[in-house]
Amino acid sequence: SELIRGFLLSGMPCPSSCPSGLLALMAPGLALMATFSLPSQAGDRRALPVEKPPGVKGRTLILLDVNTKSPVRIISENFLSLQLDPSIIHDGWLDFLSPERAAPVAEGTLPRLQAGAGHRSSGNSVHAPSRASPAALGSPAFPHGSRCYIVRSDIALDKQKGCKIAQHPDIMLELQREKAAQMHLVLLKEQFSNTYSNLTLTARSLDKLYNFADCSGLHLIFALNALRRNPNNSWNSSNALSLLKYSASKKYNISWELGNEPNNYRTLIGRSVNGSQLGKDYTQLRSLLQLIRTYSRAHLYGPNIGRPRKNVIAFLEGFLKVAGGTVDAVTWQHYYIDGRVAKVTDFLKTRLLDTLSDQIRKIQKVVNTYTPGKKIWLEGVGTTSAGGMNNLSDSYAAGFLWLNTLGLLASQGIDVVVRHSFLDHGHNHLVDQNFNPLPDYWLSLLYKRLIGPKVLAIHVAGLQRKPRPGRVIRDKLRIYAHCTSYHNHNYVRGSITLYIINLHRSRKKIKLAGTLRDKIVHQYLLQPYGKDGLHSKSVQLNGQPLAMVDDGTLPELKPRPLRAGRTLVIPPLTMSFYVVKNVNALACRYR
């Protein structure tokens, strides 16, 4: 597979003992989704307050059934992917990436990892000198130029036998944290002033990144700099050609992109690039790739536009008219709110959660008009822009947006989503700078472990006058259904996984009906851990706090079995997964 299955592992700078657990985390069926078991909540057995929706009298239960005959959507096996922020080059974390640390990652199929430009708050320009000198080869323009992804490939695992875990003294890691903290201030200053410094990605850095990916059994996707322009505003490809030739000489198996958020180039280089021109640039890049035997059939993705406002939609239309047949998937980005002004209550607003749905429809309308059937990727998504906010975008509360994003994208047919970010200078990341998993890390792990690519339609009685597959129930209770991941060997094929977001401040009761009735259910209930509530950076699964056993070992994660026929009780302001066992769903029996 050319898609990213190595989600957080591939671009993560690890301490000496980071690898095993954190890397395994990202495996699409096994290593990435963690399961846990929680003791029963005392309140589970108490009667819930009866809520009577409009037009429905006397109902105390939500009746839920799933269409098990056929899926409504089938997304990529590599649906959940991860970005590695370009700031790792600027702040030194790239030096902590090495193939030796990747051995544990190769134990399973990994999610995709994006390592490079693309974060809207990072504006560094990565530059390679005009000479094809191995000592200084690279690609320019970080946030709006170069980006790379790490993806799982089909490399045989025996190729990774030489990979060993590199050891770094604690003092080195401590010095690196201090350096990264200083660079964080520099990047924030650049971000607020909209003035960015240049950066050179050397051949050594590229070698290190590629070797890490290859040793881990991952595939690299690299976005070239689109900011280098000729006087007539066409793309100057000389720098990219140096990089392509160098990579080909090393026989690096890489896929490609060109630029990032091209609709914002005026603020970076003082002149705009319209969609038609970028389409011509992509056509030029495809021609270059075809001239290089190593990359004659390489995948190409783009244009990675920003939020689809009117002018951006016009940009995308112009691009697809010229280069729609050139790209293998159409890409765009989405950040929900400005991280500098966000409040915890923002993450509970259903109106905010639904902004993405409208964007999806806008992008799909344009793509279906000009390139029907073309895959669509959300190639950069975060709860907040501008680097996020401490104790907010990295807290339990941010998970409501993240899990709903996954549900909406899958139910509406988006093939791949790239989460920003595994580790960066802001607060949108999945692990902190001590490499401790944050709430969205555990949420992503559960998703990857339990959720398969087949999306199922749900049917709800009582609380939704016009049921729609995978949509909301009275807005604040959101239910999605998939076939359980085939990679999870704890469940036989034919099982179904529900994931539920309860934004109500009261518990909700769900009774499984139809084909789901009287089946044994495994519960995976994620709740905040500690006195900070929704602001907490720690979570508990089924009542047990989640933490690494040691620097390289994930905790044992077990579900809480519920007896057959038991009503599901969803605590207020929580996220949860429920595997309905042995349904023998026709839609889920075969891959």
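The values are calculated or read from the model by the stated rules, or taken from the named source; none is laboratory data. Remember, predicted model here, so these are calculated numbers, not experimental data. Cβ coordinates were reconstructed from backbone atoms using ideal geometry, including for glycine residues, and neighbour counts include every protein chain displayed. Note: areas computed on protein heavy atoms with side chains; ligands, DNA, RNA excluded. Shrake-Rupley method; radii C 1.70, N 1.55, O 1.52, S 1.80 Å.
Pairs linking a residue in region 360-383 that is under 13 Å from Gly325 (Cα atoms) to a residue that is crowded, with 18+ Cβ neighbours inside 10 Å and among the hydrophobic types (A, V, I, L, M, F, W, C), with Cβ atoms under 6 Å and 6 or more positions apart or on different chains, are Val367/Val330; Val367/Ile376; Tyr370/Leu320; Thr371/Leu320; Lys374/Val330; Lys374/Val367; Lys375/Ala329. If the condition is being open to solvent by 50 Å² or more (accessible area, probe 1.4 Å) and not in a strand (DSSP E or B), then region 499-515 contributes Arg505, Thr515. For first residues located in region 555-580 and within 18 Å of Ile62 (Cα to Cα), partners that are buried (at least 22 other Cβ atoms within 10 Å of the Cβ) and among the small types (Gly, Ala, Ser) and lie 6+ apart or on another chain with Cβ distances below 7 Å form the pairs Ile570/Ser576; Met575/Gly399; Val579/Ser495; Val580/Ser495. The residue of region 328-358 that is farthest from His535 (Cα to Cα), among those that are in a helix (DSSP H, G or I) and open to solvent by less than 10 Å² (accessible area, probe 1.4 Å), is Ser357. Count of region 244-269 residues, restricted to those that are open to solvent by 50 Å² or more (accessible area, probe 1.4 Å), among the charged types (D, E, K, R) and in contact (Cβ under 8 Å) with a residue 24 or more places away in the chain, is 3. Scanning region 285-305 for residues that are open to solvent by 20 Å² or more (accessible area, probe 1.4 Å) and part of a helix (DSSP H, G or I) yields Arg286, Ser287, Leu288, Gln290, Leu291, Arg293, Thr294.
Look through region 544-574, keep the residues that are open to solvent by 50 Å² or more (accessible area, probe 1.4 Å) and outside any loop (DSSP other than H, G, I, E, B), and return whichever of them is nearest to Leu498 (Cα to Cα). Checked region 544-574; the qualifying residue nearest to Leu498 (Cα to Cα) is Pro561. Residues that are farther than 19 Å from Gly407 by Cα and either out of contact with any Pro (no Cβ under 9 Å at 6 or more places or on another chain) or in a strand (DSSP E or B) (or both) within region 475-498 comprise Asn488, His489, Tyr491, Val492, Arg493, Gly494, listed in sequence order. Do we have Asp281 as within 24 Å of Leu220 (Cβ to Cβ), crowded, with 18+ Cβ neighbours inside 10 Å and charged (D, E, K, R) here? Taking the combined requirement at face value, the residue satisfies it.
Picking from Ser272, Ser216, which residue would you name as being crowded, with 23+ Cβ neighbours inside 10 Å, among the hydroxyl-bearing types (Ser, Thr, Tyr) and at pLDDT below 95?
On the way: Ser272 fails: crowded, with 23+ Cβ neighbours inside 10 Å.
Matching residue, one of Ser272, Ser216: Ser216.
I'd like to check something: does region 393-407 contain any residue that is part of a loop (DSSP other than H, G, I, E, B), modelled with pLDDT under 90, open to solvent by less than 10 Å² (accessible area, probe 1.4 Å) and not charged (D, E, K, R)? Within region 393-407, one or more residues are part of a loop (DSSP other than H, G, I, E, B), modelled with pLDDT under 90, open to solvent by less than 10 Å² (accessible area, probe 1.4 Å) and not charged (D, E, K, R). Residue under question is Pro308, and the condition is that it be under 20 Å from Lys362 (Cα atoms) and assigned to a loop (DSSP other than H, G, I, E, B); does it hold? So Pro308 passes the test.
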